[in-house]
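Trainee: Here it is: the structure, laid out below.
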Amino acid sequence: MESKKYLLQEGQIPQAWYNIIPDMANKPLPLIHPATKQPLKAEDLYPIFSKAASQQELNTTDRWIEIPDEVRDMYRIWRPTPLVRATGLEKLLDTPAHIYFKNESVSPVGSHKLNSAIAQAYYCKQEGVTNITTETGAGQWGAALSLAAKHFGLELAVYMVKISYNQKPYRRSMMQTYGAEVISSPSMSTKAGRKIITYHPNHQGSLGTAISEAVELAMSTPNCKYVLGSVLNHVALHQTVIGLEAEKQMEMAGEYPDVVVACFGGGSNFSGLAFPFLRHKLNGENGVTRFVAAEPASCPKLTRGVFQYDFGDEAGYTPLIPMFTLGHNFQPANIHAGGLRYHGGGAIISQLKHDNLIEAVDIQQLDSFKAATMFARSEGIIPAPESSHAIAATINEALKCKITGEKKTILFNLSGHGLIDMAAYDRYFANDLANYEVTAEEIAQSTKDLEKIL
Ligand SMILES: *Cc1c(COP(=O)(O)O)cnc(C)c1O
């Protein structure tokens with residue numbers, strides 16, 4: 001049984017984050033030091049990350065990790081976020097299913113990313129760090145970290161994936177409004193960037209490349225740490241405020257989800273919503289709930305990738321992570337859900353997927369925009385292109401219920417709104433967007449050089 005200490009009261013913000021690892025029968029495999037090939041120790045991460053984040057990354061024993069007061073105080077600006085019954089969408093679909101969504105789009109920056117940005121910036125400040133650096137795809141993470149850095153008085157440099165830098169100028173403006181420096185990646189400011197530009201002058205950038213640049217800057221600048229917005233265990237940990245609140249709110253609604261759905265980039269919003277519910281399944285209290293990760297068909301790591309050790313970035317600076325991966329050199333198509341264009345899933349998620357405790361589905365770009373439009377017209381909120389993948393998967397589940405007559409309760413994460421992604425919607429309405437299919441040969445090619453550790 002779990003301690004009563006951290007049980008959430010109505011309307012409260014959680015006092016602790018939930019660490020799923022102690023509850024996993026098969027623990028995630030260890031991160032491996034790329035040079036020594038030995039399991040990583042927290043000290044190995046100190047040059048890159050804050051000490052607190054490094055320790056949380058490797059914490060396999062504490063189920064609950066207290067949220068610092070300064071972090072909770074900032075969460076109070078927009079948390080708890082609403083849990084909404086999507087009656088408009090239910091009606092539109094004419095489904096017997098009950099559809100709920102957790103609305104993370106109400107954060108000041110419009111996405112769930114702020115939950116971890118605040119925590120990581122806080123720990124850096126606590127440890128006397130003055131500068132932080134990161135990468136961003138669509139700009140959601142960069143915007144969130146810009147706000148958090150400003151709040152705690154840290155200087156921030158953001159490497160923004162070039163395609164998004166040009167396609168999504170308003171996220172760049174948001175970061176600049178909060179006072180961050182934004183650099184288009186690949187750039188000439190790092191060795192990793194210069195190398196890529198030399199060989200591929202028209203490289204449009206990728207999250208993997210931007211991570212390499214940010215990590216390099218952190219390693220070569222005194223008193224500078226790197227901060228990551230997804231994939232890693234400590235990021236998933238911080239995001240569990242989503243699911244802990246949702247658990248309480250579902251209880252208030254008198255329901256428990258049969259299906260939990262979230263879109264999947266590196267896994268942070270999925271983990272955040274799913275893990276608190278999954279803990280009941282792992283502890284044998286509720287065996288029926290299904291957990292569905294919705295990834296883009298153009299970047300299908302969970303459904304079609306290989307389970308193997310791989311780097312988190314293109315240049316190979318990060319530790320080796322045990323993950324479902326398409327290979328760190330995989331170049332996803334330029335879909336508009338920029339936050340989902342990442343080659344791998346995190347260590348925890350990958351182990352859970354390997355053990356069939358979670359499922360994954362692939363969503364085509366055009367289906368995601370169709371779902372987004374249905375949702376906007378029935379619920380009023382214009383979703384982020386990333387979140388639209390979760391909506392498409394939810395609609396598929398709800399339509400299955402229509403055929404079987406089952407009254408399932410489906411809960412999905414609205415990870416962000418799309419008000420700064422209207423250029424993507426414009427292109428959708430102009431019939432200017434396409435679906436992208438990855439061939440088996442492409443995957444075989446991009447994964448063939450992975451070290452065979454597993
Ligand atoms: C970044 C982002 C995602 C994808 O990242 P995860 O770590 O998989 O959650 C999804 N939705 C939104 C709105 C995002 O900003």
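Trainee: I want the local charge near residue 140. Using Cβ-Cβ distances under 9 Å, sum +1 for each Lys or Arg and -1 for each Asp or Glu among the other residues.
Mentor: Values: positive: 113, 171; negative: 386.
Charge balance near residue 140 sits at +1.
Trainee: In whole Å, largest first, what are the principal axis extents of the Cα atoms in the chain?
Mentor: Dimensions of the chain along the principal axes of its Cα atoms: 58, 53, 45 Å.
Trainee: Take every DSSP beta bridge whose two residues both sit in the chain, then give the antiparallel share in percent to the nearest 5. Show your work: numbers first, answer last.
Mentor: On the way: 17 of 50 bridges.
Looking only at bridges with both residues in the chain, the antiparallel portion is about 35 percent.
Trainee: With just the Cα atoms defining each centre, how far is segment 62-85 from segment 97-150? Give it in Å.
Mentor: Centre-to-centre distance over Cα atoms comes out at 13 Å.
Trainee: Right, another one. Can you give me the orientation-averaged projected area of the convex hull built on the Cα atoms of segment 256-391, in nm²?
Mentor: The Cα convex hull of segment 256-391, projected and averaged over all directions, gives 8.5 nm².
Trainee: What do you get when you divide the Cα radius of gyration of segment 214-324 by 2.2 N^0.38 Å, with N the number of residues? Spell out each step's value before the answer.
Mentor: Values: Rg = 16.8 Å, N = 111, 2.2 N^0.38 = 13.2 Å.
Expressed relative to 2.2 N^0.38 Å, the Cα Rg reads 1.28.
Trainee: Give a residue-ordered list of calculated ³J(HN,Hα) values for segment 409-420 (Karplus: 6.51 cos²θ - 1.76 cosθ + 1.60, θ = phi - 60°; whole Hz; x for Gly, Pro).
Mentor: 9, 10, 10, 10, 9, 8, 5, x, 9, x, 5, 9
Trainee: Can you give the extra length, in nm with one decimal, that the chain gains between residue 452 and residue 440 once fully stretched, where that is 0.36 nm per residue apart less the Cα-Cα distance?
Mentor: Gain on stretching residue 452 to residue 440: 2.4 nm.
Trainee: When the Cα centres of segment 380-452 and segment 225-266 are compared, how far apart do they sit, in Å?
Mentor: 18
Trainee: Can you give me the Kirkwood hydrodynamic radius for segment 66-112, using every pair of distinct Cα atoms, in Å to one decimal?
Mentor: Numbers: mean 1/r = 0.0796 Å⁻¹.
Value: 12.6 Å, from the Cα pair sum.
Trainee: Give me, ordered by chain and number, the residues 5 or more places off residue 417 or on other chains with an amide H under 5 Å from its own placed amide H.
Mentor: Amide H to amide H, under 5 Å and 5 or more residues apart or across chains, residue 417 pairs with 384.
Trainee: To continue, here is another question. Within the chain, what's the longest run with no trypsin sites (Lys or Arg not before Pro) in a DSSP loop and at most 15 other beta-carbon atoms within 10 Å? Give the range, please.
Mentor: Values: sites that count: 4, 5, 37, 41, 76, 407, 448, 452.
Counting at most 15 other Cβ atoms within 10 Å as exposed, the longest clean stretch of the chain is 77-406.
Trainee: What's the extension gain from residue 69 to residue 252 if we count 0.36 nm per residue and subtract their Cα-Cα distance?
Mentor: 63.3 nm
Trainee: Add -39500 (n - 2.57) for each DSSP H run of 4 or more in the chain, then divide by its residues: what number comes out at 222 nm, to the nearest 500 deg cm²/dmol?
Mentor: -12000 deg cm²/dmol
Trainee: Within segment 119-133, find all residues whose amide N lies under 16 Å from a label point positioned 7 Å from the Cα of residue 223 along Cα-to-beta-carbon.
Mentor: 124-133, by backbone N distance to the label point.
Trainee: Rounded to the nearest 0.05, what FRET efficiency is calculated for residue 400 and residue 77 with R0 set to 51 Å and r the Cβ-Cβ distance?
Mentor: Working: r = 38 Å, r/R0 = 0.75.
My answer for the efficiency is 0.85.
Trainee: Would you please state the base-10 log of I(q)/I(0) at q = 0.14, 0.19, 0.34 1/Å for segment 166-210, with intensities from the Debye formula using one equal scatterer on every alpha carbon?
Mentor: Here the Debye-derived log intensity ratios amount to -0.37, -0.64, -1.16.
Trainee: By how many nm would the segment from residue 181 to residue 285 grow when fully extended, if each residue of separation counts as 0.36 nm and the alpha-carbon distance is taken off?
Mentor: Contour length minus the Cα-Cα distance gives 32.7 nm.
Trainee: Return the Rg/Rh value of segment 1-88, two decimal places, where both radii are evaluated on C-alpha atoms and Rh is the Kirkwood radius.
Mentor: 1.08
Trainee: Below 19 Å, Cα to Cα, which lysines can residue 195 reach? Residues fewer than 8 away in the same chain don't count.
Mentor: Hits, sequence-local ones excluded: 162.
Trainee: Can you give the FRET efficiency for residue 419 and residue 334, using 1/(1 + (r/R0)^6), R0 = 35 Å, r = Cβ-Cβ distance, to the nearest 0.05?
Mentor: The computed FRET efficiency comes out at 0.95.
All of the numbers you see were taken from the coordinates with simple rules; none came from a lab. Since this is a predicted model, take the numbers as computed values, not measurements. So basically every Cβ, Gly included, is an ideal-geometry build from the backbone, and we count neighbours across all protein chains shown.
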